[in-house]
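This report concerns only the one structure given below.
The values are calculated or read from the model by the stated rules, or taken from the named source; none is laboratory data. On a predicted model such as this, the values are computed, not experimentally measured, just so you know. Cβ sites come from the backbone with ideal geometry, for glycine too, and all protein chains shown count toward neighbours. All accessible areas refer to the heavy atoms of the entire protein, side chains included, with ligands and DNA or RNA removed. Shrake-Rupley method; radii C 1.70, N 1.55, O 1.52, S 1.80 Å.
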Amino acid sequence: MITINQGRGVNRALFTWGLAMELDVVHVQDEALKSAYCREIIPLLPDWFGMPDANKNYISGMATREVFAGFYDGKLMGFIGLKDHMRRSLEVWWMGVVPQHHRQGIGKALMDTAREYALCQGYEFMIVNTLSARSDDVYYARTRAFYQEYGFKALLEENENDPVNPMIWMILPLNDREMIQ
């Protein structure tokens with residue numbers, strides 16, 4: 001069950017997940033808090049975010065993103081940072097969930113909130129950039145599977161000559177007219 005309270009955009013959403021536990025998803029406005037949440041979760045995900053310089057950029061860059069954080073019983077379970085592209089596309093710039101709670105619906109709840117926000121703001125697409133299937137990284141294979149299960153489709157591949165970091169952009173149209181088959 002999803003309950004979303006809307007004012008200007010999405011402010012708070014409650015999701016029932018697991019065994020009737022409610023995840024409180026909050027639209028974070030405070031820039032310092034946005035970075036603090038990233039600083040809290042990023043060290044828990046070294047298999048995805050193991051590059052210290054990149055992590056510093058994520059932490060500092062989070063302050064300028066739209067951020068939604070998910071809490072259970074007052075504890076941060078995960079959050080998502082979104083980046084605008086020309087008021088048409090909203091990028092999932094960063095998303096992380098506490099590892100002990102992977103595959104429990106938290107990432108989906110964060111994506112549902114981000115999608116609802118994107119729709120309320122008039123975006124046409126959501127996009128995400130991640131390692132492509134040409135990488136043998138098992139953790140990013142799980143990441144791609146998550147986005148594919150959510151409905152994202154492959155759009156284009158970058159770094160085709162870089163065997164270490166072959167990247168893929170994925171897209172999720174936000175209305176039926178633009179649905180990719």
Of the residues in the stretch 104-113 that are under 14 Å from the mean Cα position of the chain (by Cα) and surrounded by fewer than 22 Cβ atoms within 10 Å (Cβ to Cβ), the one that is nearest to Tyr147 (Cα to Cα) is Lys108
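Residues checked against (1) assigned to a loop (DSSP other than H, G, I, E, B); (2) closer than 28 Å to Ser135 by Cα; (3) open to solvent by 20 Å² or more (accessible area, probe 1.4 Å):
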{"residue": "Ala36", "(1), (2), (3)": "no, no, yes"}
{"residue": "Lys56", "(1), (2), (3)": "no, yes, yes"}
{"residue": "Ile59", "(1), (2), (3)": "no, yes, yes"}
{"residue": "Ala69", "(1), (2), (3)": "no, no, no"}
Pairs returned, first residue in the stretch 100-113 that is over 9 Å from Gly70 (Cβ atoms) and touching a residue at least 24 places away in the same chain (Cβ under 8 Å), second residue that is open to solvent by 50 Å² or more (accessible area, probe 1.4 Å) and not in a helix (DSSP H, G or I), beta-carbon separation under 7 angstrom, 6 or more apart or interchain, are Gln104/Gly18; Gly105/Gly18; Asp112/Ile2
So, first residue basic (Lys, Arg) in the stretch 21-46, second residue open to solvent by 30 Å² or more (accessible area, probe 1.4 Å) and in a loop (DSSP other than H, G, I, E, B), Cβ within less than 9 Å, six or more apart or across chains; the pairs are Lys34/Arg65
Quick one: would you say Arg144 is touching a Phe, Trp or Tyr at 6+ places or on another chain (Cβ under 9 Å), open to solvent by 20 Å² or more (accessible area, probe 1.4 Å) and not in a strand (DSSP E or B)? yes
Going through the stretch 78-93 in order, the residues found to be surrounded by 23 or more Cβ atoms within 10 Å (Cβ to Cβ) and either in contact with a Phe, Trp or Tyr (Cβ under 6 Å, 6 or more places away or on another chain) or part of a helix (DSSP H, G or I) (or both) are Phe79, Ile80, Gly81, Leu90
Log entry, pairs with first residue in the stretch 146-157 being without any contact (Cβ under 8 Å) to a residue 12 or more places away in the chain, second being basic (Lys, Arg) and assigned to a helix (DSSP H, G or I), beta carbons closer than 9 Å, six or more apart or on different chains, reads Glu149/Lys108
Does Arg134 satisfy the criteria of being modelled with pLDDT under 95, out of contact with any strand residue (DSSP E or B) (no Cβ under 8 Å at 6 or more places or on another chain) and surrounded by fewer than 18 Cβ atoms within 10 Å (Cβ to Cβ)?
no
